[in-house]
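Working notes, beginning with the structure itself.
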Amino acid sequence: MKKSVALASDHGGFELKNSLVEKLKKDGYNVLDLGTHTSESVDYPDIAVLMADAIKNNKVEYGILLCGTGIGISIAANRFPFIRAALVHDGFGARLSRQHNNANVMVLGGRTTGTEIAYDCADIFLNTDFLGGRHARRVEKLSHLC
Ligand code: RB5
């Protein structure tokens, strides 16, 4: 059974998000497209809230968020204690975000990451397991920082 994944972006990640939605659907994933649904300007914190709701309510196992650089929406998503959002730029980052950080949300920049690289990142992110062990201790500490 393929995993379930929600995708959401602001206008800066709109086109890449749409490409990823189509690709992941074609690959058989259970895809939830949370928007944005037009190229009109929207605020990335509002988009991060949509993803947080989907993760919190167990609508999906994983999320992929996009804005222009991926930076703003990463900052926003990581305000939620149940989200570990990782801004990645290549397959190596995507792999380590799962193996070491148990990231449940991958973040991409629509203006910084090419389509094929994004597909590669998504494929790796959705098919790599957390390694646990010493990494579990570190991830657990994230919940007790403040
Ligand atoms: C929107 O213009 C842009 O600021 C946003 O997509 C993102 O890159 C912010 O970090």
When ILE124, ILE47, ILE73 are ranked with the fewest other C-beta atoms within 10 Å first, the list becomes ILE124, ILE47, ILE73
In Å, the C-alpha Rg and Dmax of the chain are 14.0, 44
Taking Lys and Arg as +1 and Asp and Glu as -1, residues besides GLY63 with C-beta under 12 Å from its C-beta add up to +2
One finds the C-alpha centres of the stretch 112-139 and the stretch 11-27 to be spaced, in Å, by 18 Å
Beyond 30 Å (Cα-Cα) in this structure, taken from LYS3/LYS141; LYS26/LYS141; LYS17/LYS141, we find LYS26/LYS141; LYS17/LYS141
Heads up, the stretch 14-73 by the C-alpha gyration tensor (a ≥ b ≥ c square roots of eigenvalues; a/c under 1.5 rounded, else a/b over b/c prolate, else oblate) looks oblate
A chain fully extended from CYS146 to ARG79 at 0.36 nm per residue, minus the present Cα-Cα distance, gains in nm 22.9 nm
Here P(r) for the stretch 76-116, Cα-Cα distances in 5 Å bins, as whole percents, is 6, 24, 30, 21, 16, 3, 0
Here FRET efficiency (C-beta to C-beta, HIS89 to SER39, R₀ 22 Å, nearest 0.05) is 0.40
The size of the Cβ-based charge dipole (Lys, Arg +1; Asp, Glu -1) of the chain about the Cα centre, to the nearest 20 debye, is 680 debye
Expected unfolding gain across LYS26-HIS135 under the 0.36 nm per residue rule, minus the alpha-carbon gap, is 35.9 nm
Under the helix-only model (-39500 (n - 2.57) for each DSSP H run of 4 or more, divided by the residues of the chain), the mean residue ellipticity at 222 nm, to 500 deg cm²/dmol, is -12500 deg cm²/dmol
Fewest to most Cβ atoms within 10 Å: PHE82, PHE14, PHE125, PHE130 sort as PHE82, PHE130, PHE14, PHE125
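Readers should treat all values here as calculations from the given coordinates under stated rules, not as data from a laboratory. Please read all numbers here as calculations on a predicted model, not as lab measurements. Here Cβ is always computed from backbone atoms with ideal geometry, including for glycine, and neighbour counts include all displayed protein chains.
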